[in-house]
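The values are calculated or read from the model by the stated rules, or taken from the named source; none is laboratory data. Quantities reported herein were computed from a predicted structural model and do not represent experimental measurements. Ideal geometry is used to build each Cβ from the backbone, glycine not excepted, and the neighbour counts take in all protein chains shown. In case anyone asks, the SASA skips ligands and DNA or RNA and just uses the protein heavy atoms, side chains included. Shrake-Rupley method; radii C 1.70, N 1.55, O 1.52, S 1.80 Å.
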Amino acid sequence: MWNWFKHKNYPDFWKEYLKTFKIKQPKSIEKTRFIVFDTETTGLDTVKDRILSIGAIAITNGIIDVADNFEIYLKQDEFNTDTVEIHGILKEGNIEKFSEEKAIEYFINYLQNAVLIAHHAAFDVKMINAALTRMNLPKLKNKSIDTGILYKKLDGKTGNHFNLDALCKEFNIPKHDRHTASGDAFITALLFLKIISKLKKERTVYYSDLFRTTNNKGLI
Amino acid sequence: MKNTIAERILDFLKDYPPFNLIQKDTLLEIAKKVEIHYFEKDQIIFSQNDTPHEHFYIVNEGVIRLYRFAEGKKHIVDICDEGDLFGLRPLIMKENYLMGAAANEESIIYAIPIHLFNDIILNFPKVSQFLIASFATNTRDPFSEKHKGKLFANIKAIKKVENSFIETQSAKYTKNPITCSANITIQEAAIIMTKNVINSIVIANNNIPIGIITDKDIRTKIGTGLFKITDTVETIMASPVVTFPENITVAEAQIARLKHKVSHLCITKDGTNTSELVGILSEHDLNLIQGNNPLLLIKEIKQAKDAETLKYIRSKAAELTKGYIEQEIPIYFVTKVISEINTAITKSAIELSIQEIGTKPPVNYSWFAVGSQGRKEQLLMTDQDNALVFENVTESEYENVKAYFLKLATKVTEKLNIVGFDYCPANIMASNPKWCLSIDEWKQQFKEWIKDPIPEKILLSIIFYDFELIYGNKELYNKMATSVLKYIKKNQIFLSFLGKVTLDNPPPLGFFKQFLVEQDGENKDNFDIKSRAIRPLVDAARIFSLYHGLQINNTIARYKKLMEVEPQNKDLFESCSNAFKILLTFRTSQGLANNDSGKFVDINSLSKADRLKLKSCFNPIKNVQEALKIRFKTTQIG
């Protein structure tokens, strides 16, 4: 009863978002709309730190669609001068900025039921969820894929931590606009395509394989 | 809203043609709609005969190969690397892909929606020009009989834009010129001209131009007493007038004035001399636009008293060439003008030399240019290649006659050398006793070359098959030309030998990262545009022309005639002609930029646009050489 009541009070954009999950998902790599995204934040603490910008781009049928991209900057009171030199976003820059609520609303509208992709996805998803919590909303419902974990599914890849810079080097991806949300999202999108292509050469890749967090080779 | 990814794509596109010709804000709109495709090695982008996609492609990273299946075999047609466009022509032509495209290595390509690009083609004339240039040289598809002749059919839309581009350079003429009626006196006309400070007046009836008088007429016809100032203007006016429509271009005006030898052109509403006069285009108007004017230069050449003056005028002609190239005036027009100037200089040098000797030539003779000047393709300062023929004389006269012409030729070549035409290193000059011969001796020489075609002799003689009369007796020249064509007709095997020698210049493969242009490794960073690209096209045109007995020397004119003579090979000859024009323009602009003959091109210094331009010329070279091989069975000889 409480749940039902709370549901009633969701803002319209969230209701629309929920509706998209009622549509049956294709469960095929080719037909799924993937959204590769990245956040720039004031720091790495998912409780204290805040999102400064979100960049995202869609992949459908192996094609990165520039027309289907998202880029937004957030007004935040929290500010950490230490990370400015990484992401380059100043508190009072001349880029148009939006309140966290508005930015998250736009992002949710953009996402719909897409499958999320991010490098070290857990962190970015947590940051978005933290913002949602501040807005009294539930967590994201989207499935997500971590390119760091996906990479480990390739033959002969051991070890635990693979940062984006190392993978850029391995996969020969130019590091333009590194450390901007959109730039990193774009780099991650290319990385995703390259990993999938390499995986496909090694074995048959099933849709469900993408979400396995263990180094399980699936049904070989 | 900020769009970092689109900006990144813009940043890539802006360096490559034709995107470098599009203004930034428009290009950003395109960048926002780009799709990025990733292909692994050997993955297919589209297959031959597929219906066209909604996008065309540019290679962002990697290498794409274009291939065709024909006669059961796969042929690699082209290799595209970073910045190369592909899959555009079928979209514009609205036809299926003529070839397939596959990733030669792991590649990222950008797909650009054609619907966005259609507007660009219409709004950016330079873009359509670039596309025409790159399509034009690729019209021939050696593997497909089916598509022959129709490849150009749908390109009208683009061509129209090209024309309107030339129109933007339309000549500025004087509007609403002052006119008078035919029955006023010359004095009255002169008073009107003086009062209005004009150097010409159009005689018109209801504003329809019927004649024109200029300052010159007053001087030559009145001043000399041939006519009286009380005669009517009608008696001295030049009529009919040369008329053009309002959108006359600078280039057209120049050509018209060269052709009609007039100083004023009348601009009428519909361009005919029966419609209303709207303006007058004078020599002066054109000079204002042009700075230098070929007619003016030729006039100055005629008045030149010594070689130093000629040298000065020739340097002005070089500036003119530069201006023409910058203005993208069609190359055939530029070659025409510059050849006229070079011819005028040679004529003047001959006349000055005869004056110096003090006695007239003892018998009829003709001076002719051979090689590139003979073909009227000399745009830059190059070596002088010339020869002389004189009438047959008795044995007793011979020595004196030859001595006279050798003396004359020596003086002429000295003057040309001062002007800036270097002595020919192979000594192919009229001052060489070997190339200063009587008509019978010349005939004997050609007979020998044609009947006994050993490679060394062919290489030496090849230059003489492009010979053009510069000065002197036309009949002598014609006799010689006719007999050469006659000998060749009788000895067709000669053409096979000629073909074989020219095929020793294989076409370049292309410039891509690891593929090197010069396979022999010597001159690695320099591309010999003259020997590798221009000469094979010149040679092919010559052989086909000799085969058909055409008495034409200019390469463009040769291909044009060949298109008529062999309609079944129209596409081939057209693509050769286009490639030749592009290469010649390229060589000229390179030569002007580096102040040399433009023979060698430093590949590393080339922009992507120039590399693409050059590359697009290689296919016609390959194709025409194949055609030579088959036609003249060059493989069957030695």
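I need the full set of residues from the range A:56-67 which are more than 8 Å from chain B (Cβ to nearest Cβ), under 27 Å from B:Ile44 (Cβ atoms) and at pLDDT 95 or above, in order please. Before the answer, list the steps.
As a first pass, look at the range A:56-67 and keep what is more than 8 Å from chain B (Cβ to nearest Cβ): A:56, A:58-61.
If we keep only those that are under 27 Å from B:Ile44 (Cβ atoms) as well, we get A:58-61.
The answer is A:Ala58, A:Ile59.
The listed residues are A:Lys201, A:Lys126, A:Lys157, and the only one of them that is open to solvent by 20 Å² or more (accessible area, probe 1.4 Å) and not in a helix (DSSP H, G or I) turns out to be A:Lys157.
Output the residues belonging to the range B:553-577 that are closer than 15 Å to B:Thr335 by Cα, open to solvent by 30 Å² or more (accessible area, probe 1.4 Å) and in a helix (DSSP H, G or I). B:Ala557, the sole residue that qualifies.
Is it true that A:Phe98 is within 14 Å of chain B (Cβ to nearest Cβ) and at pLDDT 95 or above? Against the criterion (within 14 Å of chain B (Cβ to nearest Cβ) and at pLDDT 95 or above), A:Phe98 does not qualify.
Only one entry in B:Tyr423, B:Tyr365 is at pLDDT 95 or above and in contact with a helix residue (DSSP H, G or I) (Cβ under 7 Å, 6 or more places away or on another chain), namely B:Tyr365. Considering the range A:28-83, the residues that are in a strand (DSSP E or B) and among the hydroxyl-bearing types (Ser, Thr, Tyr) include one that is farthest from A:Ser197 (Cα to Cα), namely A:Tyr73. Of everything in the range B:13-54, what is open to solvent by 30 Å² or more (accessible area, probe 1.4 Å) and outside any loop (DSSP other than H, G, I, E, B)? Give them in sequence order. B:Asn20, B:Leu21, B:Lys24, B:Asp25, B:Thr26, B:Leu28, B:Glu29, B:Glu35, B:Ile44, listed by residue number. So for the range B:413-430 (the condition being within 20 Å of the chain's Cα centre (by Cα) and within 23 Å of B:Gln590 (Cα to Cα)), does at least one residue qualify? Within the range B:413-430, none of the residues are within 20 Å of the chain's Cα centre (by Cα) and within 23 Å of B:Gln590 (Cα to Cα).
Considered as a group, the residues in the range A:175-197 that are more than 8 Å from chain B (Cβ to nearest Cβ) and outside any helix (DSSP H, G or I) include one that is most open to solvent (accessible area, probe 1.4 Å), and that residue is A:Lys175. When B:Ile5, B:Ile9, B:Ile36, B:Ile22 are screened for being among the aliphatic types (A, V, I, L, M) and more than 9 Å from every other protein chain (Cβ to nearest Cβ), only B:Ile22 passes.
Here is a yes/no grid of residues against (1) more than 27 Å from A:Ile187 (Cβ to Cβ); (2) in contact with a Lys or Arg (Cβ under 8 Å, 6 or more places away or on another chain); (3) of a type in the set (Lys, Arg):
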{"residue": "B:Thr4", "(1), (2), (3)": "no, no, no"}
{"residue": "B:Pro17", "(1), (2), (3)": "yes, yes, no"}
{"residue": "B:Asn49", "(1), (2), (3)": "yes, no, no"}
{"residue": "B:His75", "(1), (2), (3)": "yes, yes, no"}
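Considering the conditions (1) within 16 Å of the chain's Cα centre (by Cα); (2) modelled with pLDDT of 85 or more; (3) surrounded by fewer than 21 Cβ atoms within 10 Å (Cβ to Cβ), B:Ser589 is excluded by exactly one of them, (2).
The set of residues in the range B:71-81 that are modelled with pLDDT under 75 and either open to solvent by 80 Å² or more (accessible area, probe 1.4 Å) or over 22 Å from B:Ile109 (Cβ atoms) (or both) contains only B:Glu71.
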